[in-house]
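The next block holds one structure in the form of structure tokens; read it before the comments.
Quick note: the coordinates plus some simple rules give every number you see, no bench work behind them. Because the structure is predicted, anything quoted here is derived from the model rather than measured. Counting neighbours? That spans all protein chains shown, and the Cβs are built from the backbone with ideal geometry, glycine included.
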Amino acid sequence: MKTDPGRFFEDFRLGETLRHATPRTVTTGDAALYAALYGTRFAEQSSDAFARAAGYARSPLDDWLVFHVVFGKTVPDISLNAVANLGYADGRFLRPVYPGETLSAVSEVIGLKESSNRETGIVYVRSTGVDATGAPVLTYCRWVLVRKRDAAALAPDAHVPDLPQAVEPTALGASCPPIDAAAYDPALAGSRHRFGDYAVGERIDHRDGMTVEEAEHQLATRLYQNTARVHFDAHAAKDSRFGRRLIYGGHVISLARALSFNGLANAFHVAAINSGRHVAPLFAGDTVYAWSAILAKADLPGRSDVGTLRIRTVAAKNQPCAAFPDRTGKDYDPAVILDLDYWAVMVR
Amino acid sequence: MKTDPGRFFEDFRLGETLRHATPRTVTTGDAALYAALYGTRFAEQSSDAFARAAGYARSPLDDWLVFHVVFGKTVPDISLNAVANLGYADGRFLRPVYPGETLSAVSEVIGLKESSNRETGIVYVRSTGVDATGAPVLTYCRWVLVRKRDAAALAPDAHVPDLPQAVEPTALGASCPPIDAAAYDPALAGSRHRFGDYAVGERIDHRDGMTVEEAEHQLATRLYQNTARVHFDAHAAKDSRFGRRLIYGGHVISLARALSFNGLANAFHVAAINSGRHVAPLFAGDTVYAWSAILAKADLPGRSDVGTLRIRTVAAKNQPCAAFPDRTGKDYDPAVILDLDYWAVMVR
Amino acid sequence: MKTDPGRFFEDFRLGETLRHATPRTVTTGDAALYAALYGTRFAEQSSDAFARAAGYARSPLDDWLVFHVVFGKTVPDISLNAVANLGYADGRFLRPVYPGETLSAVSEVIGLKESSNRETGIVYVRSTGVDATGAPVLTYCRWVLVRKRDAAALAPDAHVPDLPQAVEPTALGASCPPIDAAAYDPALAGSRHRFGDYAVGERIDHRDGMTVEEAEHQLATRLYQNTARVHFDAHAAKDSRFGRRLIYGGHVISLARALSFNGLANAFHVAAINSGRHVAPLFAGDTVYAWSAILAKADLPGRSDVGTLRIRTVAAKNQPCAAFPDRTGKDYDPAVILDLDYWAVMVR
């Protein structure tokens, strides 16, 4: 058969490497669309002049745009038959990526575990985005619940990888160039609050809300060449569990990140993903809000220009976050849709 | 508090200067999106080859794209707590802006006047868009009705600035380069009608209609990094005066300008804004039509290549403009949503 | 009158040449939007690095993006008063077009035939897209049913041009550069199936479905500067035959082409249009599916790197194509919306 039905759980082998299709040159056109889709305002990603003054070669692509482009490539090989995208861990944005660069992706299967009902199984992969020279620019782990083609098929022995609870901040130094803190203009950046002004335990309601339309998430998800059918096919979705199209979880991450500008304007670079979970689905017509908590602060080795904040950003739908909707034990407030734990670099 | 609640009326001081956040490098990606959002067809802004033959360095950005990017930056500091955007005056597009340039914005508070009910006040600002060297590319005044945080707060003495009814056309000479009228190809430009063919008093129904979708105005308004919540948050809008999201008034201006191509194809450059008023709100699902009247004609000093038309463009919703819906005294036809008076440069 | 009411059937003269308005520089911004609108994944059009390795100067624009931009220019002069776009024939994509090039268009009237009811007539044109030097990059014929201004007006003698059933593949050699088949990486391209793997008569269900939103087709059609009112004016459409906006037929072609990646990933270049017909209209909310049949295979003279497949792609709405909905005699399955016959180049 010449069409790709996607891989089922029993098609994966522990340790195999999958080279994903469709390399993609990411341009200022993609950056403009990203701005239009999320309204992001971080100054480094918005202005060549600001980025150059700070120390970049020019305005880099938004970290999450890089993530989504890499993630999109993995979908046809990893998650076309996924039931759910379960989580992320140990992600690192290794260096700035600039417009004009070409990205492709490879994944290694690092874990497999059949479900007890034998109809699905969890596939753990480490996916890596590489540039035109093959050098990595992003690496992360994710795990996803994938259907079996045949419940009776034999599954390999369970292997669950040992993933860190959080990325060590000492590993994050190269992810952004030396920043000229004296040239960093807080009025242009949108906030006077720098690294020293944030305290562990502090919580920030990002206030603004963003309603999502079908056309928006479809444009975004196609931009990332993400082919998961659940995002695009309303005809088939009528007979699905939710009765309608599901919004790509990464769309929520980018919305939450853009909303977080209001309170975290100087956290200009996402350096690492500690963990991430799509707690509940988002649908068109829903309005996304977000709040963040500062989980930790760390120096970067040899860097006096910037520090890194460990931030937990929680997104909720159809409920402003002034009351910080959260998790209680294992249960989440029903409004919560995303629970994301990451390191962001902030100027001192 | 680290999040920005926006300024209230009593936070403004006459004469103060506000440097706005988030400089923005505007690229061909933004120009492509602008084309997709409005379908603009003015040849200079569409074709590098046409623009170079006419006398530009390359195809400049649409004047209103430049305006919206500058306007967007002013929103967090000026109009986040606005009740209504009341008007524009004395605007000048000072030179062509090209893809790759970085824009930022500053505003001076030039007037303040508390409302009689003491719950709001009018803030008058002169906003200026500047390039990466700090040189101005656009300047305009606007006034906006802003809520007070506290009705009991003392307000400064009223000061209403003296704004001109119209910009003097003698000031507009530098806003476009010398145009090689002989090289200006009317077939490519889309009309044989040049400056000499328009008469003061002439009215033009632009005929075409454009229906606006929620995704479209949201994409546009985010592209401009305009953060006014009323455009994006359907959840909060349910409890608002209109019960739904409001479309950014600038979106209507750009739609009307694009529609005006059909009748004003050679009016390739907006040089000045004399006055502008958003007469009524536009909502998704509405269809925009427009008509224009030629209010005046003027030579530009020392320029035999181009002249300038003072144009009044009126936009209406859900009513074609063959009957020229208009103002009678102080009352507008209920279909009218925009009344804009500007100078446009046209080839002779 | 300064506005353009469009031409009616009796305004066309056999043999006349129409130079169309609004040249357009097509950029990486347009390419990004095209990706977002259709989710296309052909590697040459996606990656500069892949395209260069294959033999292109850089990633070329998608062939159908070039087509739509050229087509859009013809609309104000040819089809503003069209009742229906009847068909395409003898189309050739003459060379790769790269971001940064400026396209304009001319059309020659090659046939005219009044309808028996005298209220409309068929206009046949050959339209040619040219680059900034005036050299052609695309040529195709289309015919369109155009209203008469006045049913009583005299019509010219009928002249129906003699159009080929299919383009001779021997004419297609120059449409893509020599491809380095050894450097062509099937994993990156997304399929191991090359020219030799396809058999005449083979049918492929492309599986995936794509639902179209109003905002999406409007953004696309404006991007192409296509001004046909039926796509944009919901207010006027209420009183039309269909009661709502019609989606530009070219949007369906691009959706079907993007869907066809799943099964035809290595058919990286559309070289010729043999024939095309929009069988039924598409409306927002509908979901598009597609299937293809291999009609013929041909060598390109002097080319051992690539061969060409004659492909018939059929698109259907709201019905997956596992059962290959088709034509029986003159009647189509009611789900079918597009029947397109073209030559595509595939690596050997």
- Computed for the protein assembly as shown: size of charge dipole around the Cα centre, +1 on C-beta of each Lys and Arg, -1 on C-beta of each Asp and Glu, debye to nearest 20, value 460 debye
- Per residue, the convex hull enclosing the Cα atoms of the range B:4-120 spans a volume in Å³ of 133 Å³
- Item | Pairwise label distance in nanometres, residue A:154 with residue B:135, each label 7 Å out on the Cα-Cβ vector | 7.6 nm
- Place the label 7 angstrom along Cα→C-beta at residue B:348 and in each other copy, then list the distances from the first to the rest in nm, shortest first. 6.4, 6.4
- If you keep only loop residues by DSSP, which chymotrypsin sites (Phe, Trp or Tyr not before Pro) in the range A:5-57 have at most 14 other Cβ atoms within 10 Å of their Cβ? none
- Item | Residues C:149, C:277 arranged by fewest to most Cβ contacts within 10 Å | C:149, C:277
- Residue among A:217, A:206, A:235 with the largest mean-square fluctuation in a Gaussian network model of chain A, springs linking Cα atoms under 10 Å: A:235
- Item | Fluctuation leader among C:39, C:72, C:129 - chain C, Gaussian network, Cα springs under 10 angstrom | C:39
- Query: Using +1 on the beta carbon of Lys and Arg, -1 on that of Asp and Glu, and nothing else charged, what's the dipole of chain B about the Cα centre, debye to 20?
  - Reply: 260 debye
- Item | Label distances, nm, residue A:178 versus same residue in remaining copies, Cβ-directed 7 Å point | 4.8, 4.8
- Note on the structure: Largest-first semi-axes in Å of the equivalent ellipsoid built from the Cα gyration tensor of the range B:148-187 are 48, 14, 8
- Query: What does the convex hull of the Cα atoms of the range A:228-348 come to per residue, in Å³, rounded to a whole number?
  - Reply: 116 Å³
- Message: If I take R0 = 45 Å and measure r between the Cβ atoms of residue B:200 and residue A:192 in this structure, what FRET efficiency does the formula 1/(1 + (r/R0)^6) give, to the nearest 0.05?
- Response: 0.30
- Query: Assigning unit charges at the beta carbon (Lys, Arg +1; Asp, Glu -1) and nothing else, what dipole magnitude in debye, to the nearest 20, does the range C:1-98 show about its Cα centre?
  - Reply: 240 debye
- Task: Could you list, in their original order, any pairs among A:2/C:297; B:238/C:238; A:2/A:73; C:2/C:73 whose Cα atoms are separated by more than 21 Å?
- Result: B:238/C:238
- Item | Where N is the number of residues in chain C, Cα Rg divided by 2.2 N^0.38 Å | 0.97
- In the range C:1-90, which trypsin sites (Lys or Arg not before Pro) fall in coil by DSSP and have 13 or fewer other Cβ atoms within 10 Å? C:13
- A:150, C:77, C:286 arranged by Cβ crowding within 10 Å, fewest neighbours leading: A:150, C:286, C:77
- Given the range C:155-229 reduced to its alpha-carbon atoms as identical point scatterers, what log10 I(q)/I(0) does the Debye formula return at q = 0.24 Å⁻¹? -1.09
- As straight-line cross-link partners of residue A:317, the qualifying aspartates and glutamates (C-alpha separation under 15 Å, not fewer than 8 residues apart within one chain) are A:205, A:208, A:213, A:286, A:326, A:333, A:339, B:233
- Item | Intensity falloff of the range C:88-190 expressed as log10 I(q)/I(0), Debye formula with alpha-carbon point scatterers, at q = 0.09, 0.12, 0.24 Å⁻¹ | -0.38, -0.60, -1.22
- What is the helix-to-structure angle for A:28-38, meaning the angle in degrees between its Cα long axis and the longest Cα principal axis of chain A, kept from 0 to 90 and rounded to the nearest 10? 90 degrees
- Going by alpha carbons, how many degrees (0 to 90, nearest 10) lie between the helix axis of B:214-223 and the longest principal axis of chain B? 90 degrees
- Message: List the lysines whose Cα sits under 17 Å from the Cα of residue C:113, skipping any in the same chain fewer than 8 residues away.
- Response: C:148
- When A:17, C:28 are ordered from fewest to most other Cβ atoms inside 10 Å of their Cβ, what list results? A:17, C:28
- Whole-angstrom Cα spans of the range B:160-277 along principal axes, big to small: 56, 40, 28
- Note on the structure: Expressed as a whole number, the average count of other chain Cβ atoms within 10 Å around the Cβ atoms of B:33-45 is 6
- Query: Distance from the Cα centre of the range B:186-231 to that of the range A:232-256, in angstrom?
  - Reply: 34 Å
- For the range A:202-277, state which chymotrypsin sites (Phe, Trp or Tyr not before Pro) are in a DSSP loop and have at most 14 other beta carbons lying within 10 Å of their beta carbon. A:242
- Query: In degrees from 0 to 90, rounded to the nearest 10, what is the angle of the helix A:63-78 Cα long axis to the longest principal axis of chain A?
  - Reply: 10 degrees
- Item | Pairs of Cα atoms farther than 16 Å apart, the range A:1-62, % | 64 percent
- Query: To the nearest 500 deg cm²/dmol, what mean residue ellipticity at 222 nm is calculated for chain B from DSSP H runs of n ≥ 4 alone, each contributing -39,500 (n - 2.57), summed and divided by the residues?
  - Reply: -5500 deg cm²/dmol
- Task: Identify, among A:40, A:29, A:9, the residue whose Cα sits farthest towards the positive end of the charge dipole of the range A:1-93, taking +1 on the Cβ of Lys and Arg and -1 on the Cβ of Asp and Glu, with the dipole about the Cα centre.
- Result: A:29
- Item | Position residue C:323, label points 7 Å along Cα→Cβ, spacing to each other copy in nm (shortest first, one decimal) | 5.1, 5.1
- Task: Enter the per residue convex hull volume of the protein assembly as shown, computed from alpha-carbon coordinates, in Å³ rounded to the nearest integer.
- Result: 165 Å³
- Query: Based on the Cβ-Cβ distance of residue A:299 and residue B:319, what FRET efficiency does E = 1/(1 + (r/R0)^6) give at R0 = 45 Å, to the nearest 0.05?
  - Reply: 0.10
